[in-house]
Amino acid sequence: MTKLLETKLLTIRFGGLCAVDCCDLCIDQGDLYGLIGPNGAGKTTVFNMLTGVYLPSDGTVHFDGKLVNGRNPVKVARLGMSRTFQNIRLFDELSVLENAMTGAHQHSRINLLDSLLRTKRHYREEDRQRDKAYRLLEFMGLEDRAGLPAKALPYGHRRRLEIARALATDPKLLCLDEPAAGMNTGEKAELAALIRRIRDELKVTVLLIEHDMKLVMGICEKIQVLEYGKTIAKGTPVEIQSDPRVIEAYLGGG
Amino acid sequence: MPRTLALLLAGVVACYGLNWFLSEFIEVVYVDYVNLIGLAIILAVGLNVVNGLTGQFSIGHAGFMAVGAFVGAMASILFTYGEIAAGPLAFAGLGSFLFCLLLSGLAAGALGVLVGAPALRLRGDYLAIATLGFGEITRILLTAQDSLGGPTGLKRIPKMPLLPGTETWDGGTSVFWIYLFVFLVVGLAVRLQRSTFGRAMIAIRENELAAETMGVPSARLKVVAFVFGAFFAGIAGALYAHYQHSVRPDDFTSVRSIEVIVMLVLGGLGSVTGAIAGAVVVTLLPQLLRPLEEAMGIDGLSMVVYALLLIVMMVFRPQGIFGQRELSLKLLRGLIPGRRGGKTP
Amino acid sequence: MAEVSLTTEVLQYVTNGVAKGSTYALMAVGYTLVYGVLQLINFAHAEVYMLGSYFAWYQAKWAGYLPDSKGARAETVPLYMVALFVAGAMAACALAGMLIERLAYRPLRNAGRLAPLITAIGVSLLLQYGGQVVFGTEPKLFPTFAETVVYDAGGVKIPNTNIYIVVTSLVLMLGLTFFVNKTRPGAAMRACSHDMRTARLMGVNVNATISLTFAIGSALAAVAGVLVAMDQPAITPLMGVRIGLKAFVAAVVGGIGSIPGAALGGLLLGVSESVVSGLWKPVYSEAVAFVFLIVVLLVKPSGILGKSVREKV
Ligand SMILES: Nc1ncnc2c1ncn2[C@@H]1O[C@H](COP(=O)(O)OP(=O)(O)OP(=O)(O)O)[C@@H](O)[C@H]1O
Ligand SMILES: [Mg+2]
């Protein structure tokens, strides 16, 4: 197996608070990796450091063999890391299809003049983006809504659209931040199946933050547990479920 | 591409026709309004790319216009007369005129890079204030340039070049030239908006962080937007200078920048048709209120009413005339009562 | 001409600049207070300042202190009348500020940021044009509020009006600082500017507090209007435009939302404008404010004394 993402001693401090403390992650190609922990454990902050949103105070991030910490989000995205957001961040005024097409923008090979002069390359690029976006909407079960403005989507669909948009960037690694939050049991089951298909059919490695234990234990093969920024356990779902420190963290945290 | 050329040709013909029609049948005062509206549209549609698409907030548009006006006017004077000197007005040559316009656009566009790049560090109101400051600095520096005439500016700027068959038109070819660039800026703005770059710009406006995480190069696109707006503002400035035959730095105070913003917001920020509607309304409204002012015998009343209307409009319809939608036939049909289009149960 | 040493010359410009800067500071406070609470650039503030000097002018006129049509010099206004006029102008401007907020800004409080901004521009235009209709476009000569006396401090000339300007501004700024930091309504203002929703939940009367903010800012603008008119005795309906823009820049440079920041920004601008204008070229002094602005924004976008906030993702 080849290593896709490796962080060493990844640390970030906000003033006096050490939100993430020496986090070591190691994700292989094709993993479906779970990152869990109580509220405020630092999971989202790890994502922010991976994707270049926050600059780590310390430590390194290697992605696909390249050192990426401190790079800006645009460059990280180019390297093939994409994500969704815990507090959904769609482009509300664009249509569902256009939201997904925006993900495909970074691989466009045309320049502004092509579009202003409407060259063949422009039309070819539009077709490419539309096809790709439409396929991904189909994959996520959103094709009927393609023409709607994103702000008109119900909550569960908004989360799916974020995933479709992230997939449109052709990522090697997809980071999902609580994709099932606010969904009911039926929707969660569908989502779990979709996440598995993303990995199996689209061959995209997945890093998943999720509070729903059933979902995480059901689909992840490896799990890492954070508490107060520190890793307290790593292993298979079975190992995690029987780890006394994890049980303590979750029961103690209420 | 062939379509683009055909469109361009159609645009040229249409502008020629418009100019002929106006000079043949319409009084000169009204033709003046038409020209002023055209200039306003160029400014507003250009700025809409910055403020409406990428969601930055620039109130320095007059600065770009000023640079374009002075560069274009100076170049044109030198080409036509060879020196700054008193004398009767002459026509600019076709080639040199186009070259001067291009030069103004490029100068203003280069300034757009200069302003747009540091502006990347700023957000929202801070960006707005910084661009305002830039516009004022530009104007003040122009005032201090004795070679450009100082506070009194440049005079005897040549007339816009004649075209075949236009020699007898009173009022000249200004309508043709101004509306040619209206046509260009509108066409290019619409094409930009409906392309992957336009969508990426809107994505930046809607949620910059998400756009960046999706690989949208927001810094570059924001500068591109600035350059687009600045380029056409520069051209509008040069056209304005040739149209008035004189320019002063004080033609380009922050009041003018704010006027363009008002056009955008009135029409509905982010919509090209909105920007056009805003340009028409803001240019015409004070003129339309003139008769009221004369009837009441109160000097300055039209501007008071104009300001009042602006406030009332904002309080009751803060999203502007069109919101972010484009004016289209479908939208018009939706406005007709009893025929709410589209939705079948 | 007597030989004047460079130091004396510079000192002269600095003292002039301090007086000018004090009026900027008085105005800047109004922008800063409103921005702190509503995140709104209250463009109409500059026109409230203009109204302040007109209100004082009309009171003086009614009390018979204006030169008559034959141009005979009117007597100097006695101090107690000056106090009365200033108080009257402050009250009238406070009322005007509150009205503007109530009628033009409050209906738009939840309509995003842009609509109130354009409305503020509209109100500013309305007052400029309205002022031209009501007061007339020609400049009006301001009555003599104080006989000019110029003191000489080792070659540096200090007119008494400058002393009045600086002392009045200083007293008012200190009073305001005390008010905001040590009284209950002041605490309510701070609470609103920190977080309006929470303030409302904690039982702060938000609407009243916002009205109060506008009243205070407008009253200070009125004082600034009178002080400037006293110093350079012609007033026009457009007199607010330039000082308004600069005072706002001063507020941003000092750190918007911060009262000491407004004072610092105002002084900094006033002094540097005066020095540049004296030693270099008056035209360039007009650009000083904006050069400051851009440099400060690029180095520290939240202003010299402002606090920066970081977006949580
Ligand atoms: N920009 C920031 N500035 C200051 N503190 C921050 C910032 N971002 C995150 N934190 C703090 O870091 C800690 C970890 O936050 P984080 O959002 O990563 O938690 P989380 O594990 O994602 O929790 P949840 O399950 O609630 O989403 C929290 O205490 C949070 O307040
Ligand atoms: Mg989180």
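A few points about this structure:
- Residue match in the stretch A:220-236 (condition: more than 16 Å from ligand 2 (Cβ to nearest atom), in a helix (DSSP H, G or I) and open to solvent by 10 Å² or more (accessible area, probe 1.4 Å)): no
- A single member of A:Ser57, A:Ser95 is more than 10 Å from every other protein chain (Cβ to nearest Cβ), more than 16 Å from ligand 2 (Cβ to nearest atom), touching a residue at least 24 places away in the same chain (Cβ under 8 Å) and surrounded by fewer than 21 Cβ atoms within 10 Å (Cβ to Cβ), and it is A:Ser57.
- One residue alone among C:Thr177, C:Thr213 is under 22 Å from C:Ala28 (Cα atoms), crowded, with 23+ Cβ neighbours inside 10 Å and among the β-branched types (Val, Ile, Thr), and that residue is C:Thr213.
- Just one of (1) within 30 Å of C:Gly136 (Cα to Cα); (2) in contact with a Ser or Thr (Cβ under 8 Å, 6 or more places away or on another chain); (3) without any contact (Cβ under 8 Å) to a residue 12 or more places away in the chain fails for C:Gln232. It is (2).
- Inter-residue pairs, beta-carbon under 9 Å, first within 12 Å of B:Val175 (Cβ to Cβ) and in the stretch B:2-30, second open to solvent by 60 Å² or more (accessible area, probe 1.4 Å) and aromatic (Phe, Trp, Tyr), 6+ apart: B:Ala14/B:Phe183; B:Cys15/B:Phe183; B:Leu22/B:Tyr30
- Some residue of the stretch B:104-127 being part of a loop (DSSP other than H, G, I, E, B), out of contact with any His (no Cβ under 6 Å at 6 or more places or on another chain) and in contact (Cβ under 8 Å) with a residue 12 or more places away in the chain: yes
- The set of residues in the stretch A:143-172 being away from chain B (no Cβ under 14 Å) and buried (at least 23 other Cβ atoms within 10 Å of the Cβ) consists of A:Arg160 alone.
- Some residue of the stretch A:21-31 being at pLDDT below 95, within 12 Å of ligand 1 (Cβ to nearest atom) and either crowded, with 17+ Cβ neighbours inside 10 Å or over 17 Å from the mean Cα position of the chain (by Cα) (or both): yes
- The residue of the stretch A:98-139 that is nearest to ligand 1 (Cβ to nearest atom), among those that are open to solvent by 10 Å² or more (accessible area, probe 1.4 Å) and touching a Leu at 6+ places or on another chain (Cβ under 6 Å), is A:Leu136.
- Close pairs (7 angstrom Cβ cut-off, 6 or more residues apart or separate chains): in contact (Cβ under 8 Å) with a residue 60 or more places away in the chain and near ligand 2 (Cβ under 9 Å from one of its atoms) in the stretch A:38-54, of a type in the set (Asp, Glu) and open to solvent by 30 Å² or more (accessible area, probe 1.4 Å) anywhere: A:Ala41/A:Glu227
- Taking the criterion of being more than 8 Å from chain B (Cβ to nearest Cβ) and either surrounded by fewer than 24 Cβ atoms within 10 Å (Cβ to Cβ) or free of Cβ contacts under 8 Å to residues at least 24 places away in the same chain (or both), the residues of the stretch C:129-143 that qualify are C:Gly131, C:Val134, C:Phe135, C:Gly136, C:Glu138, C:Pro139, C:Lys140, C:Leu141, C:Phe142.
- The set of residues from the stretch A:60-92 being polar (S, T, N, Q), within 16 Å of ligand 1 (Cβ to nearest atom) and surrounded by fewer than 23 Cβ atoms within 10 Å (Cβ to Cβ) comprises A:Gln86, A:Asn87.
- Checking A:Glu126 against (1) outside any strand (DSSP E or B); (2) under 20 Å from the mean Cα position of the chain (by Cα); (3) within 12 Å of chain B (Cβ to nearest Cβ); (4) under 24 Å from B:Ser195 (Cα atoms), the condition it does not meet: (2)
- Yes/no for C:Tyr35 being of a type in the set (Phe, Trp, Tyr), under 17 Å from C:Ser211 (Cβ atoms) and in contact (Cβ under 8 Å) with a residue 24 or more places away in the chain: yes
- In the stretch A:160-203, the residues that are out of contact with any Leu (no Cβ under 8 Å at 6 or more places or on another chain) and within 16 Å of ligand 1 (Cβ to nearest atom): A:Asp177, A:Glu178, A:Ala181, A:Gly182
- If you filter the stretch A:162-187 down to residues that are farther than 22 Å from A:His105 by Cβ and part of a loop (DSSP other than H, G, I, E, B), you find that the one that is farthest from ligand 2 (Cβ to nearest atom) is A:Asn184.
- Hits in the stretch A:3-37 (condition: within 14 Å of chain C (Cβ to nearest Cβ) and more than 16 Å from ligand 2 (Cβ to nearest atom)): A:Arg13, A:Gly15
- In the stretch A:66-92, the residues that are at the interface with chain B (Cβ under 10 Å from one of its Cβ atoms) and among the basic types (Lys, Arg): A:Lys75, A:Arg78, A:Arg83, A:Arg89
- Cβ-Cβ under 8 Å pairs, at least 6 apart or on other chains, the stretch B:311-324 side facing another protein chain (nearest Cβ under 7 Å) and in a loop (DSSP other than H, G, I, E, B), far side buried (at least 18 other Cβ atoms within 10 Å of the Cβ) and modelled with pLDDT under 85: B:Pro318/C:Leu114
- Long-range neighbours under 8 Å by Cβ, at least six apart or interchain, first residue open to solvent by less than 100 Å² (accessible area, probe 1.4 Å) and part of a loop (DSSP other than H, G, I, E, B) within the stretch C:297-313, second modelled with pLDDT of 85 or more and within 16 Å of ligand 2 (Cβ to nearest atom): C:Val313/A:Thr44; C:Val313/A:Asn48; C:Val313/A:Val53; C:Val313/A:Tyr54; C:Val313/A:Phe85; C:Val313/B:Leu209
- Any chance C:Gln12 is modelled with pLDDT under 90 and touching a Lys or Arg at 6+ places or on another chain (Cβ under 7 Å): no
- The stretch C:115-140, residues that are modelled with pLDDT under 90 and touching a Pro at 6+ places or on another chain (Cβ under 6 Å): C:Ala115
The values are calculated or read from the model by the stated rules, or taken from the named source; none is laboratory data. A quick note: this is a predicted structure, and the numbers were derived from the prediction, not measured. Neighbour counts run over all protein chains shown; Cβ positions are idealised from the backbone, glycine included. Keep in mind that these areas ignore ligands, DNA and RNA; they rest on the heavy atoms of the full protein, side chains included. Shrake-Rupley method; radii C 1.70, N 1.55, O 1.52, S 1.80 Å.
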